[in-house]
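This report concerns only the one structure given below.
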Amino acid sequence: MRSVSIFGVTGSIGEQTVDLLMRAAPGTYRVVAVTGGRNIARLAEVARELRAEVAVCAEESGLAELRERLAGSGVAFGAGPGAIADAADRPADWVMSAIVGAAGLLPGFRALRHGATLALANKETLVTAGPLLMAEAARHGARILPVDSEHSAIFQALAGEDIAAVERIILTASGGALRDWPLEALAKATVKEALAHPNWAMGQRITIDSASMFNKALEVIETREFFGVDPAQIEVIIHPESLIHSMVGYRDGAIMAHLGAPDMRHSIGYALHWPDRAHLPVARLDLAQIATLSFRAPEMARYPALRLAREVMARRGLAGAAFNAAKEIALDHFLAGGIGFMDMAGVVEDTLAAVEPEMGRTNAAMTLEDVLQMNHLARSRAGEIALRWAGTR
Ligand code: NAD
Ligand code: MG
């Protein structure tokens, strides 16, 4: 029996992971830990359904409710960030890292310590602490498998190949909800408009990040860190149909593309069953019906996040942590109506400049503590900067 833990079980990726586990034959998996945020009712329900050893919620104030909801179930419980990290110390063969944001960092690092296979949906971990994470995995003989659809696609297109033969990695992007808007209109785009994603049904934040391409910017950095390629080898192409999830171009000119229905259960399932391919409950593509796949280059003026990602990759070290934190805060302020859609990139750019003096540490010297401190500092600077931007509107 395989033991599994799911961090962020009540989220979009977490629930889709649960869906796959529930379809497996009884006795296939033993669930160790499940963790959630504020939705304690759902956390307790999932913990009962999966017969987890332990369930942990993010906030200490949730403990009483969790205890009550788990009464008589035999599931142990805990609350707070410390308890979530402790849950990662319970050995499991396969661990899903699907907490959103910087809160997902620590459990991922702790899970690697017992040599688990870490299925990594939390891209923030690679963006903010990529070199540390990869070193930690190597130190403990642990394996990281990508869950982000683009990175799962790249991973699959690389199977059996020599990374030295790779010439380019081509990340596909839907272009988001506003891709066909006139450039001048973008400054006035509302939250509702940016949320109308053409292809993927995702959480609110990632959908806005898709329209601004901050999500793609994170994914470019994620690609650089996970696959260890040179930033110049990474390209982004808009592919409105979202059926090619990404591509790898080799030095002989061949391009390997990964196609599939836009359903995250594909990449979650691939990571769950790797190196095998199991039957997955995802739609099959009818290529004759689809008929056309189209592509276009992203306009840099429309997607300043892509330019900022290049700057972050050139800087490396703590720049990733500053970028991710600033993006989070800028997004909060856009969602709250304080700043405009295009102002998000301005806030991030100004924050990167503001924390530049604190970015002293290089990759080799930086620690997880430095990353968490930079996250904290950049969030507070970005907050001040966003308020200043809001004041000028
Ligand atoms: P989500 O918001 O739907 O779920 C996040 C989970 O984390 C929930 O269980 C939530 O309760 C929990 N959580 C939130 N804040 C927390 C905190 N402070 N401490 C502990 N737990 C907390 O997010 P999601 O869409 O499932 O995304 C999860 C991760 O996967 C993100 O890093 C995202 O970028 C990445 N990802 C998501 C998708 C997708 O299709 N949803 C695709 C690719 C990558
Ligand atoms: Mg993705």
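The values are calculated or read from the model by the stated rules, or taken from the named source; none is laboratory data. Predicted model only: the values in this text are computed from it and were never measured. So basically every Cβ, Gly included, is an ideal-geometry build from the backbone, and we count neighbours across all protein chains shown. Protein only, heavy atoms only, side chains kept; ligands, DNA and RNA dropped before computing areas. Shrake-Rupley method; radii C 1.70, N 1.55, O 1.52, S 1.80 Å.
Pairing residues of the stretch 58-82 that are under 18 Å from Ile6 (Cα atoms) and away from ligand 2 (no atom under 16 Å from the Cβ) with residues that are open to solvent by 80 Å² or more (accessible area, probe 1.4 Å) and at pLDDT 95 or above, at Cβ distances under 6 Å and at least 6 apart in sequence or on separate chains, gives Leu66/Phe77; Leu70/Phe77; Phe77/Arg67; Ala79/Glu60; Gly80/Glu60.
In the set (1) part of a strand (DSSP E or B); (2) within 23 Å of Arg310 (Cα to Cα), the condition left unmet by His258 is number (2). For Val229, the requirement of being touching a strand residue (DSSP E or B) at 6+ places or on another chain (Cβ under 8 Å), open to solvent by less than 30 Å² (accessible area, probe 1.4 Å), of a type outside the set (Ser, Thr, Tyr) and closer than 23 Å to Val100 by Cβ is not met. Arg205 passes every criterion in (1) open to solvent by less than 60 Å² (accessible area, probe 1.4 Å); (2) part of a helix (DSSP H, G or I) apart from (1).
Restricted to the stretch 348-381, and to residues there that are in a helix (DSSP H, G or I) and among the charged types (D, E, K, R), the residue that is nearest to Glu219 (Cα to Cα) is Glu349.
Every condition in (1) out of contact with any Lys or Arg (no Cβ under 9 Å at 6 or more places or on another chain); (2) open to solvent by 10 Å² or more (accessible area, probe 1.4 Å); (3) not in a helix (DSSP H, G or I) is met by Val56 except one, and the failing one is (2).
Scanning the stretch 162-174 for residues that are touching a strand residue (DSSP E or B) at 6+ places or on another chain (Cβ under 7 Å) and away from ligand 1 (no atom under 16 Å from the Cβ) yields Ala165, Val166, Glu167, Arg168, Ile169, Ile170. I'm checking my understanding of the structure. Among residues of the stretch 116-153 that are in a loop (DSSP other than H, G, I, E, B) and either aromatic (Phe, Trp, Tyr) or open to solvent by less than 10 Å² (accessible area, probe 1.4 Å) (or both), which one is farthest from ligand 1 (Cβ to nearest atom)? Among them, the one singled out is Ala116. Here Glu222 fits the description: open to solvent by less than 10 Å² (accessible area, probe 1.4 Å), under 17 Å from Thr125 (Cα atoms) and either part of a helix (DSSP H, G or I) or among the aliphatic types (A, V, I, L, M) (or both).
Across the stretch 22-39, which residue is farthest from Gly80 (Cα to Cα) among those that are surrounded by fewer than 20 Cβ atoms within 10 Å (Cβ to Cβ) and aliphatic (A, V, I, L, M)? Across the stretch 22-39, the extreme among qualifying residues is Ala25. Counting only residues that are within 14 Å of ligand 1 (Cβ to nearest atom), of a type outside the set (Gly, Ala, Ser) and open to solvent by less than 40 Å² (accessible area, probe 1.4 Å), the stretch 59-87 holds 2 of them. Residues that are over 18 Å from Met202 (Cα atoms), among the hydrophobic types (A, V, I, L, M, F, W, C) and touching a Ser or Thr at 6+ places or on another chain (Cβ under 9 Å) within the stretch 1-39 comprise Met1, Val4, Ile6, Leu21, Val31, Val32, Ala33, Val34, listed in sequence order. For the stretch 94-115, the set of residues classified as under 18 Å from Thr17 (Cβ atoms), more than 10 Å from the chain's Cα centre (by Cα) and open to solvent by 20 Å² or more (accessible area, probe 1.4 Å) consists of Ala103 only. Counting only helices (runs of 4 or more DSSP H) that sit wholly inside the stretch 268-347, those with at least 3 residues that are of a type in the set (Gly, Ala, Ser), touching a residue at least 40 places away in the same chain (Cβ under 8 Å) and buried (at least 21 other Cβ atoms within 10 Å of the Cβ) are 319-335.
Only one of Ala164, Ala157, Ala138 is out of contact with any Cys (no Cβ under 7 Å at 6 or more places or on another chain), within 23 Å of Ala232 (Cβ to Cβ) and free of Cβ contacts under 8 Å to residues at least 12 places away in the same chain. Can you tell me which? Just a single option satisfies the conditions, and that option is Ala164.
Going by what's in this entry, would Ala25 be described as outside any helix (DSSP H, G or I), more than 16 Å from ligand 2 (Cβ to nearest atom) and under 17 Å from His273 (Cβ atoms)? Spelling it out, Ala25 is indeed outside any helix (DSSP H, G or I), more than 16 Å from ligand 2 (Cβ to nearest atom) and under 17 Å from His273 (Cβ atoms).
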